[in-house]
1. Being under 29 Å from PRO201 (Cβ atoms) and among the small types (Gly, Ala, Ser), is that true of even one residue in the range 131-141?
2. Spot the failing condition for ASN148; the list is (1) under 26 Å from ASN304 (Cβ atoms); (2) free of Cβ contacts under 8 Å to residues at least 60 places away in the same chain; (3) not in a helix (DSSP H, G or I), and only one is missed.
3. Anything in the range 211-229 that is of a type outside the set (Phe, Trp, Tyr) and surrounded by 17 or more Cβ atoms within 10 Å (Cβ to Cβ)? List them, or say none.
4. Please verify whether GLY162 is more than 20 Å from VAL54 (Cα to Cα) and surrounded by 24 or more Cβ atoms within 10 Å (Cβ to Cβ), treating the condition exactly as stated.
5. Do the conditions hold for THR281, that is, is it out of contact with any His (no Cβ under 9 Å at 6 or more places or on another chain) and at pLDDT below 95?
6. Considering only residues of the range 230-260 that are in contact (Cβ under 8 Å) with a residue 60 or more places away in the chain and hydrophobic (A, V, I, L, M, F, W, C), which is surrounded by the most Cβ atoms within 10 Å (Cβ to Cβ)?
7. What number of residues in the range 163-187 are under 20 Å from the mean Cα position of the chain (by Cα), assigned to a loop (DSSP other than H, G, I, E, B) and free of Cβ contacts under 8 Å to residues at least 60 places away in the same chain?
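The values are calculated or read from the model by the stated rules, or taken from the named source; none is laboratory data. Because the structure is a prediction, the values reported are computed rather than measured. As a convention, Cβ positions derive from the backbone with ideal geometry for all residues, glycine included, and neighbour counts pool all protein chains shown.
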Amino acid sequence: MNRRPTIAEQLARQGISRRAFLKFCAATASLMALPPGMAPAIAEALGKIRRPSVIWLSFQECTGCTESLTRSHSPTVESLIFDMISLDYHHTLQAASGEAAEHAREEAMKEPGYLVLVDGSIPIKDGGIYSTIAGISNLQMLKDTVENAAAVVSIGTCAAFGGIPMANPNPTGAAGVQALMDQGLIARKPVINVPGCPPIPAVITGVLAHYLTFGAIPPLDALGRPLNFYGDSIHDRCYRRPFYDQGKFAKTFDDEGARKGWCLFELGCKGPTTHNACATTKWNDGTSFPIESGHGCIGCSEPNFWDAGSFYKALSAPADPLSFAAGAAVAGAAVGVGMSFMNRAKKSSAKAAHETATLKDLEK
């Protein structure tokens, strides 16, 4: 098999200058929440590593994840990312079809250490017969492909948590990649979950850039999501958060509060319980995100979001702004009292310990 070129060699072949490469590395540092000063180090790391083979598998999905990526608002970053990896198999983007397409996947699998990207859930009921590719069930294809992979990236909520195909009553037994590993149905590998319906393009490329740069998966939360992008709730970073704190909520999508940009919590916004980078990274060249466009978050990057209740029913709406403010004040007072009590308890405990030690010294 021919030696895979390094990323630096690949970029040089395409006439990309060192300056352009450093600008890309600065953008990459930003995607990974690193300071711009890390760009030279990233350039050095990326310049030495060889282009990893990537096999992208699409199962029970709507192609929304691929569509999201191809509509990335940073085409230069997107093109470099795809030049830096060898995308050897992708149902939608590859030129080959039929037997030639499956041959490409089989060839890519001959050299261990490739990346597997998965979008779409995997049906496992009745042996996985409900979704097949080239006569092979999704479950069998994933099992075969993951066997010699270095890591798996679950793109979108369907691949990460089962998503909409897993919604009640889940007739196909759809499940996410991690769930299959937990059940022992496929080999256990490092998994990075990049949920969203679909995920933000910059989040997908940012995760790939991190793996390419450091040769390891980024720090993850309890659900296997990169902390760089999923560490905070949308509510924590939302520009409407001050209105929430003031108890100012839109009551309908076209009332005075909505026109003034008040909080959409009472209209069902799931921002407080949803972790994603929508409020900071945004969509469409950083133009907007659903809440900024006037619609509440539906919680699509969380497990079981489709069955979590109405998208238009508040999580726990206050009776009115005054009661909201009063409740906040009471909660604040309770915290203050609790902290005061804990401090007094600590002082009393310390005083008692000191007195005990003093008595022991006197007894000596």
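1. The answer is yes, given that some residue of the range 131-141 is under 29 Å from PRO201 (Cβ atoms) and among the small types (Gly, Ala, Ser).
2. (1)
3. The answer is LEU212, THR213, ILE217, PRO218, LEU220, GLY224, ARG225, PRO226, ASN228.
4. On the way: more than 20 Å from VAL54 (Cα to Cα): yes; surrounded by 24 or more Cβ atoms within 10 Å (Cβ to Cβ): yes.
The answer is yes for GLY162.
5. Answer is yes for this residue.
6. Among residues in the range 230-260 that are in contact (Cβ under 8 Å) with a residue 60 or more places away in the chain and hydrophobic (A, V, I, L, M, F, W, C), the one surrounded by the most Cβ atoms within 10 Å (Cβ to Cβ) is ILE234.
7. Total meeting the criteria: 1.
Rundown of residues vs (1) under 22 Å from ASP245 (Cβ atoms); (2) modelled with pLDDT under 90; (3) not aromatic (Phe, Trp, Tyr), yes/no style:
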position: ALA277; (1), (2), (3): yes, no, yes
position: PRO290; (1), (2), (3): yes, no, yes
position: GLY294; (1), (2), (3): yes, no, yes
position: ILE298; (1), (2), (3): no, no, yes
position: PRO303; (1), (2), (3): no, no, yes
position: GLY309; (1), (2), (3): no, no, yes
position: LYS313; (1), (2), (3): yes, no, yes
position: PRO318; (1), (2), (3): yes, yes, yes
position: SER323; (1), (2), (3): yes, yes, yes
